[in-house]
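The values are calculated or read from the model by the stated rules, or taken from the named source; none is laboratory data. In this text the structure is predicted, and so the values were computed from the model without any measurement. All Cβ positions, even for glycine, are placed from backbone atoms using ideal geometry, and neighbour counts span all protein chains on display. Ligands, DNA and RNA are stripped out before the accessible areas are found, and what is left, the full protein with its side chains, is counted by its heavy atoms. Shrake-Rupley method; radii C 1.70, N 1.55, O 1.52, S 1.80 Å.
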Amino acid sequence: MDKSPDAFRTISEVADDLDLPQHVLRFWETRFPQIKPLKRGGGRRYYRPDDVELLKGIRHLLYDHGYTIKGVQKLLKTNGNKFVVAVASGDLATMEALVAAGQTISDEPSLALDDDQMVGQVKTRPASRFFGFGGGDDGVPEVSIGRGSVNKEDRALLQETLFDLLECKRLLDQVR
């Protein structure tokens, strides 16, 4: 028997729906004050439909877009819950309207994130070289060994590669 769309969901139902362990949802409650499930006797959690949609948005940003928790927190603070829900559902009209409304209030762009808030987003030029080798017009690449020898662009490329590998591992673990 399926529940109606506006029914409250238990933590196990939400965890199954989002394909996440329950402890991740409990952890997210500590990091995102916007997630406020109703708690009944014995500490049982019941998530409202709005909470479930917000959790879907947070999961989408963290797992599919490579945001860090800090980055999602900033998006929530800057643009609000409706923006994150719209991102997860792919509702471009709502996202654009919310961003436009947010930019009229403040002058700074509402999607600008620091480097430590985004994981898996390559920030290289279109004609960039691969880890400093090949494709460049500046001749022989400079190779150095030791801490700090990886420049910012290469670090972003490595981070993107790591994110892709972790996502592949997660997908393989689901198949097993």
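Below, the figures for the structure above:
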read-out	value
Flag for residue 75 being part of a loop (DSSP other than H, G, I, E, B) and open to solvent by less than 30 Å² (accessible area, probe 1.4 Å)	no
Residue that is most open to solvent (accessible area, probe 1.4 Å), among those in segment 20-56 that are within 22 Å of residue 174 (Cβ to Cβ) and of a type in the set (Phe, Trp, Tyr)	27
Failed condition for residue 59, given (1) open to solvent by 20 Å² or more (accessible area, probe 1.4 Å); (2) modelled with pLDDT under 90	(2)
Test: residue in segment 36-45 that is at pLDDT 90 or above and under 28 Å from residue 156 (Cβ atoms)	no
Close pairs from segment 55-72: first closer than 12 Å to residue 84 by Cα, partner surrounded by fewer than 18 Cβ atoms within 10 Å (Cβ to Cβ) and basic (Lys, Arg), Cβ under 9 Å, at least 6 apart	72/31
